[in-house]
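*Asks:* What follows is a single structure, and I will ask about it in a moment.
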Amino acid sequence: MDDIDAALDASAVLVITQDLISRPLPRTYQEIAVRICQSKWFKRLWTMQEGVLAKTLLFQFENLAIDYAFLDDRILQQIPLTTDETVLLGNKASLIVSHLITMRDSEISRENLFSSLWFNMRHRATSRLSDQAVCASILCDVDLRPVLAADNEDRMEVFWRTCREIPLGI
């Protein structure tokens, strides 16, 4: 079983990364969201699949793991109009993580799926640029075989040719 099958079968994904587990859970929901967005896990391309495919996504801090769905719900409850910069920053961080989570929604339109994919990819790093086409194929339900068969420098072009339809905004 590969990592993708494991992620699909998992009831939960627990993110354990040194930059989160070495700190106690922050006191505000907004700060928790900011810490998650600044974590090394959130900045790597391949971890994007874990976030999208996870049925339940938890982040482990020093003293507690927090369920992202719970965190997002609490932040949404606190969104009343505010000018407090820390609250606004936390809300922005929550939106960035939520953009990732919405990619797993089976009702998401093809156009919104591609928009979410590219929005999330721009915040992520990879040591091999050709991995972007592989990750995009998996998350957009595009046939992965032609992408993997292509030379590394041609993979993104093959990905776009393999797509059944490409939204106008892309």
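The values are calculated or read from the model by the stated rules, or taken from the named source; none is laboratory data. Remember, it's a predicted structure, so these values are computed and weren't measured experimentally. Backbone-built Cβ (ideal geometry, glycine too); neighbour counts: all protein chains shown. We work out accessible area using only protein heavy atoms, side chains counted, and drop any ligands, DNA or RNA first. Shrake-Rupley method; radii C 1.70, N 1.55, O 1.52, S 1.80 Å.
*Asks:* Just by accessible area at a 1.4 angstrom probe, what is the order of ASP73, ASP131, ASP151 from largest to smallest? Walk me through the numbers on the way to the answer.
*Replies:* On the way: ASP73 65, ASP131 10, ASP151 90 Å².
Largest accessible area first, the residues go ASP151, ASP73, ASP131.
*Asks:* For a protection proxy built on the mean count of beta-carbon atoms within 10 angstrom, sort 61-71, 26-36 highest first, please. Could you put the intermediate results ahead of the total?
*Replies:* Values: 61-71: 15.1, 26-36: 19.6.
Final packing ranking: 26-36, 61-71.
*Asks:* If amide H atoms are built 1.01 Å from N in the plane of the peptide, which residues on other chains or at least 5 residues away come under 5 Å of the amide H of PHE61?
*Replies:* Those lying under 5 Å, H to H, from PHE61 are ILE66.
*Asks:* Something else about it: If DNA, RNA and ligands are ignored and the probe is 1.4 Å, what is the ranking of ARG155, ARG161, ARG44, ARG128 by accessible area, most exposed first?
*Replies:* Ranked from most to least accessible, the order is ARG161, ARG128, ARG44, ARG155.
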